[in-house]
Amino acid sequence: MEEFDKILAFIRNLYNEPNNFIPLHAPVFKGNEKKYLIDCIDSTYVSSVGKYVSKFEQMIADYTGAKYAVATVNGTAALHIALKLVGVNSNTHVITQPLTFIATANAINYCGASPIFVDVDKETLGLSPISLRKYLNENTHIKNNQSYHIKSNKPITACVPMHTFGHPCKIDEIKKICEEYNIALVEDAAESLGSFYKNRHTGMFGDIGTLSFNGNKTITTGGGGMLITNNEQLSIKAKHITTTAKVPHEWDYVHDIIGYNYRLTNLAAALGCAQMEQLPDIIQEKQINAKKYSDFFSSLKMNFIEQPENCISNYWLNALILNNKEERNNFLKYSNENKVMTRPIWALMNTLPMFKDCFHSDLNNSEWFADRVVNIPSSVIK
Ligand SMILES: *Cc1c(COP(=O)(O)O)cnc(C)c1O
């Protein structure tokens with residue numbers, strides 16, 4: 001317990017919070033949030049039409065370097081539409097990592113497709129390019145320029161790597177493999193707004209990237225998401241299908257395909273604009289806190305997860321690797337009992353009842369992390 005006490009004391013000192021509960025990731029509203037929200041309410045345009053939605057989309061496009069950005073009601077909806085637009089349907093497979101938040105696997109299922117779980121990389125916690133190549137090599141054959149799974153004879157239409165905790169995965173190697181096997185690349189960048197791989201924003205390597213602005217993410221709109229892409233056709237389709245596929249007309253209600261009511265509200269976007277103004281400061285503060293954690297944990301000879309080489313990470317959630325599952329469980333119990341919020345990494349997708357029969361590669365790294373990783377408080381300091 002002595003070591004655990006040291007850790008909790010360090011966290012309490014970092015957050016200047018000697019006694020009270022310390023959350024894992026609380027949002028901060030230090031800017032124009034109230035001003036924009038009041039302006040939005042006064043305008044009466046609180047719903048899916050209004051200047052803040054397009055302004056927020058433009059701010060995200062400018063920041064990420066995307067030519068186009070389309071706001072959605074949440075990150076899961078953004079992923080669902082991204083997958084649909086690259087051709088995922090009920091007769092296809094989508095490759096993703098088992099070590100991810102449930103939204104990634106759910107979005108694949110919403111398209112009727114069946115996920116294939118491929119192991120993560122030991123350095124990044126994101127999809128492993130080595131495992132991906134090995135899996136495709138051993139389990140697919142190419143027909144008419146498309147990769148088919150040998151056992152199911154269904155095409156693999158998309159691959160969804162995820163930038164775990166904001167740390168960029170080895171995305172350029174993954175992109176190369178997807179191109180070789182003619183598989184669309186959709187990046188789940190829900191956790192990595194503000195994270196860059198070799199100076200390019202995460203989510204900007206594939207056909208489409210998706211972001212989330214849920215309450216626990218780096219910036220928040222309460223709930224919200226975004227598709228980012230350089231592909232104009234995909235962006236037009238995304239906007240159309242997320243707004244009930246209504247054909248523009250002065251008054252007629254004509255819808256030309258099955259659409260979704262997935263647009264972000266103007267109210268949420270007003271919050272998003274104010275949050276975006278603070279994003280560079282938030283990233284800077286998160287980097288500074290991560291450095292403090294890093295120095296502290298290296299003094300204890302403990303394993304703190306650092307941003308990968310050639311990357312800037314937003315350090316969305318700081319994470320610690322404990323020695324084994326028992327130590328992890330003890331730490332979770334001790335810290336939460338002492339009002340310092342910590343959480344294990346997600347249960348692997350392939351262990352959940354809905355996904356237990358899905359194909360997967362060997363998952364040694366994912367299983368290793370699942371037993372050992374704990375997230376520790378990561379909010380920006382108030
Ligand atoms: C947060 C998150 C999402 C999207 O979640 P929403 O709550 O729907 O915005 C998707 N994938 C991952 C990995 C996430 O962490």
Seminar exercise, completed: In the range 353-382, anything over 15 Å from Ile108 (Cα atoms) and either aliphatic (A, V, I, L, M) or assigned by TED's automatic domain parsing to the domain that holds Pro98 (or both) is listed as Leu363, Ala370, Val373, Val374, Ile376, Val380, Ile381
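Considering only residues that are in contact with a helix residue (DSSP H, G or I) (Cβ under 7 Å, 6 or more places away or on another chain) and open to solvent by 30 Å² or more (accessible area, probe 1.4 Å), look in the range 329-345 and name the one that is nearest to Asn199 (Cα to Cα). Show your work before the answer.
Taking the range 329-345 as the starting set, the residues that turn out to be in contact with a helix residue (DSSP H, G or I) (Cβ under 7 Å, 6 or more places away or on another chain) are 331, 334-335, 338, 340, 342, 344-345.
Those still in the list that are open to solvent by 30 Å² or more (accessible area, probe 1.4 Å) too: 334, 338, 344.
Numbers: Tyr334: 39, Asn338: 40, Pro344: 30 Å.
Here the residue is Pro344.
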Seminar exercise, completed: Sole miss for Cys178 among (1) closer than 24 Å to Ala77 by Cβ; (2) assigned to a strand (DSSP E or B) is condition (2)
For this session: Kindly indicate the residue of the range 184-203 that is open to solvent by 10 Å² or more (accessible area, probe 1.4 Å) and not charged (D, E, K, R) and also nearest to the ligand (Cβ to nearest atom) among those meeting that condition.
Result: Ala190
Exercise. Would it be correct to say that Ile305 is open to solvent by 20 Å² or more (accessible area, probe 1.4 Å), more than 30 Å from Ala113 (Cα to Cα) and touching a residue at least 60 places away in the same chain (Cβ under 8 Å)?
Worked result: no
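Within the range 230-240, identify whether any single residue is under 28 Å from Glu123 (Cβ atoms), modelled with pLDDT of 95 or more, more than 16 Å from the ligand (Cβ to nearest atom) and not hydroxyl-bearing (Ser, Thr, Tyr), and answer yes or no. Before the answer, list the steps.
Quick first cut of the range 230-240, residues under 28 Å from Glu123 (Cβ atoms) only: 230.
Keeping just the survivors that are modelled with pLDDT of 95 or more gives 230.
From what's left, more than 16 Å from the ligand (Cβ to nearest atom): 230.
This time we only want the ones that are not hydroxyl-bearing (Ser, Thr, Tyr), so: 230.
Scanning the range 230-240 turns up at least one residue that is under 28 Å from Glu123 (Cβ atoms), modelled with pLDDT of 95 or more, more than 16 Å from the ligand (Cβ to nearest atom) and not hydroxyl-bearing (Ser, Thr, Tyr).
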For this session: Could you list all residues from the range 97-120 that are surrounded by fewer than 24 Cβ atoms within 10 Å (Cβ to Cβ) and either over 26 Å from Asn137 (Cα atoms) or not hydrophobic (A, V, I, L, M, F, W, C) (or both)?
Result: Phe101, Ile102, Ala103, Asn106, Asn109, Tyr110, Gly112, Ser114
Exercise. Taking interchain pairs and intrachain pairs at least six residues apart, which have beta carbon atoms under 6 angstrom, with the first residue in the range 349-361 and assigned to a strand (DSSP E or B) and the second surrounded by 12 or more Cβ atoms within 10 Å (Cβ to Cβ)?
Worked result: His360/Phe117; His360/Asn350
Problem set entry | Residue selected from the range 91-104 under the condition among the aliphatic types (A, V, I, L, M) and within 9 Å of the ligand (Cβ to nearest atom), by the criterion nearest to the chain's Cα centre (by Cα) | Ala103
Exercise. Out of (1) under 18 Å from Gly215 (Cα atoms); (2) surrounded by 16 or more Cβ atoms within 10 Å (Cβ to Cβ); (3) basic (Lys, Arg), the odd one out for Lys55 is which?
Worked result: (1)
For this session: Hey, can you tell me all the residues within the range 212-228 that are surrounded by fewer than 24 Cβ atoms within 10 Å (Cβ to Cβ) and within 7 Å of the ligand (Cβ to nearest atom)?
Result: Asn214, Gly223
Exercise. Hey, which of the helices (runs of 4 or more DSSP H) in the range 1-102, taking only ones fully inside, have at least 2 residues that are touching a Pro at 6+ places or on another chain (Cβ under 9 Å)?
Worked result: 2-14
For this session: Starting from the range 226-240, keep only residues that are without any contact (Cβ under 8 Å) to a residue 24 or more places away in the chain, then list their pairs with residues that are open to solvent by 60 Å² or more (accessible area, probe 1.4 Å) whose Cβ atoms are within a distance under 9 Å, requiring at least 6 positions of separation or different chains.
Result: Ile236/Tyr68; His240/Lys246; His240/Asp256; His240/Ile257
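The values are calculated or read from the model by the stated rules, or taken from the named source; none is laboratory data. Here the structure is a predicted model, which is why all the values come from computation and not from measurement. Positions of Cβ are backbone-derived with ideal geometry, glycine not excepted, and every protein chain shown enters the neighbour counts. These area figures cover heavy atoms from the full protein model, side chains too; ligands, DNA and RNA do not enter into them. Shrake-Rupley method; radii C 1.70, N 1.55, O 1.52, S 1.80 Å.
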